[in-house]
Amino acid sequence: MSLRRSPATLPLMTTDAITTIADEARAGLQAAGDEAALEAWRTATLGRSGALTSVLRSLGTLAPEERRAVGQAANVLRDELEAAFEVRRETLRAAALHASVAAGAIDVTLPGRPQPRGGLHPVTITLREILAAFTRMGFDSVEGPEVELDEYNFERLRIPEDHPARDMWDTFWLNPATAGERASTLLRTHTSPMQIRYMETHTPPIRIAVPGRCYRYEATDATHEWMLTQVELLVIDEGIGMADLKGTLQEFARQLFGPDTRVLLRNSYFPFVEPGVELAVSCFACPGTDPACSVCRGSGWLEIMGAGMVHPEIIEAAGYDSTRYTGFAAGMGAERIAMLKYGITDIRHFYQNDLRFLGQF
């Protein structure tokens, strides 16, 4: 309802006219159902051209006695309407907020939406299990650089430049050989260089496990990848022998594969140990006589690592007395052990980022 009137239609300014304006204004205020309607009411009533403002502007046309009475009544009404306007505005805002909350209310009795959860990579799980087993046996975990020098990766591990054993490691060289200068920097092919680095700065007794990624320039297939996660072991102390090597690795196998696991040592060659062995564990999926076994294929044994007694020349090169100190070393691939533990047939699954595979762990 609009209260605006043109000067030609304004009634005679009396206190009765003020009463009429007041009644219409109060009714219009209560009828305003939202803030837009309320603002329209304020403009029509209290604005510059509003009904009440027009009354106040026309006071000069009245006799002095009427001017006082009408002016006083108009000012009282203006104060009343301004206060009522603020109250009505707060009421409408509260009602709008309540309606908004009610419209967006959440039914807390409904079950929550499940959120996907991440997990550890199977190689990470296996690596932590390996390190935890050796930690319980008194080993410290140390790490070395992935970008390595030829001196540590090969030379000081008894693998000189012209040694045929270098063919065992297809190498990523970072500075290929040029005329008159040999390549010297590479991505490490194993974690064994940390044996040398650690012995340079420590004295026996030494018991360390060295985890880390290694890189080999070779074609990938179901059992080979260009990157692998390896754990190297090194023990140097007085009186260390093959019995200590076998006992340590047997306890490791039992912790990782179960208390009934047996181990088998077979002769093998590694340049930095003498003698060298390969370690196999008894099949944990069958008694060893099932040709259909997907884990051992009936052989009963699973090869998991290479090991051996540290060569005396390496002990001497570290500044230790090889007649007093002996030791053993071993190296294993975390991916290989994870494949055995979880029955995985293709190593490439680990790094293809397929959630159908990774979500099973």
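Key figures
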item	result
Binned Cα-Cα distance frequencies in the chain - 10 Å width, integer %	4, 17, 19, 11, 5, 3, 4, 5, 8, 9, 8, 4, 1, 0
Stretch gain in nm, segment GLU218-PHE361, where the contour uses 0.36 nm per residue and the Cα spacing is subtracted	48.7 nm
Karplus (6.51, -1.76, 1.60) ³J(HN,Hα), θ = phi - 60°, over the range 30-44, in Hz, Gly and Pro reported as x	5, 7, 5, x, 8, 5, 5, 5, 5, 5, 5, 5, 4, 5, 6
The range 140-219 versus the range 252-314: alpha-carbon centroid distance in Å	24
Per-residue ³J(HN,Hα) for the range 115-132, Karplus 6.51 cos²θ - 1.76 cosθ + 1.60, θ = phi - 60°, Hz, x for Gly and Pro	9, x, 10, x, x, 6, 5, x, 5, 5, 4, 5, 4, 5, 5, 4, 5, 5
For the range 211-269: accessible area per residue (Å², 1.4 Å)	50
Shape of the range 195-260, Cα gyration tensor, a/c cut at 1.5	oblate
PHE154, PHE284, PHE257, reordered so the largest accessible area comes first (probe 1.4 Å)	PHE284, PHE257, PHE154
Stretch gain in nm, segment TYR342-VAL87, where the contour uses 0.36 nm per residue and the Cα spacing is subtracted	84.6 nm
Helix-only [θ]222 nm of the chain, DSSP H runs n ≥ 4, -39500 (n - 2.57) each, per residue, nearest 500	-12000 deg cm²/dmol
Segment HIS98-ASP16, extension gain: residue separation times 0.36 nm, minus the distance between their alpha carbons	25.5 nm
Estimated vicinal HN-Hα couplings, Hz - the range 316-332 in sequence order (Karplus 6.51, -1.76, 1.60; Gly, Pro = x)	5, 5, 7, x, 9, 7, 6, 7, 9, 10, 9, x, 9, 9, 8, x, 9
Rough spin-label spacing in nm, given labels placed 7 Å along Cα→Cβ, for GLU24 and SER299	10.5
For ASP167, solvent-accessible area (1.4 Å; no DNA, RNA or ligand), Å²	120
Per-residue SASA entry for LEU110, accessible area with 1.4 Å probe, Å² rounded to 10	110
Rounded if a/c under 1.5, otherwise prolate or oblate - the range 182-326, Cα gyration tensor axes	oblate
Angle between the chain longest axis and helix 242-257 axis [Cα atoms, degrees, rounded to 10]	40
Peptide ranges 333-339, 51-57, 84-90 listed from the most packed, as the mean C-beta count within 10 angstrom indicates	333-339, 51-57, 84-90
Fraction in percent of alpha-carbon pairs per bin - 5 Å, the range 247-361	2, 11, 17, 17, 15, 14, 10, 6, 5, 2, 0
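The values are calculated or read from the model by the stated rules, or taken from the named source; none is laboratory data. Everything numeric in this text was worked out from a predicted model, so none of it was measured. Here the Cβ is made from the backbone with ideal geometry for all residues, glycine too, and neighbour counts use every protein chain on show. Side chains included, ligands, DNA and RNA excluded: accessible areas come from the protein's heavy atoms. Shrake-Rupley method; radii C 1.70, N 1.55, O 1.52, S 1.80 Å.
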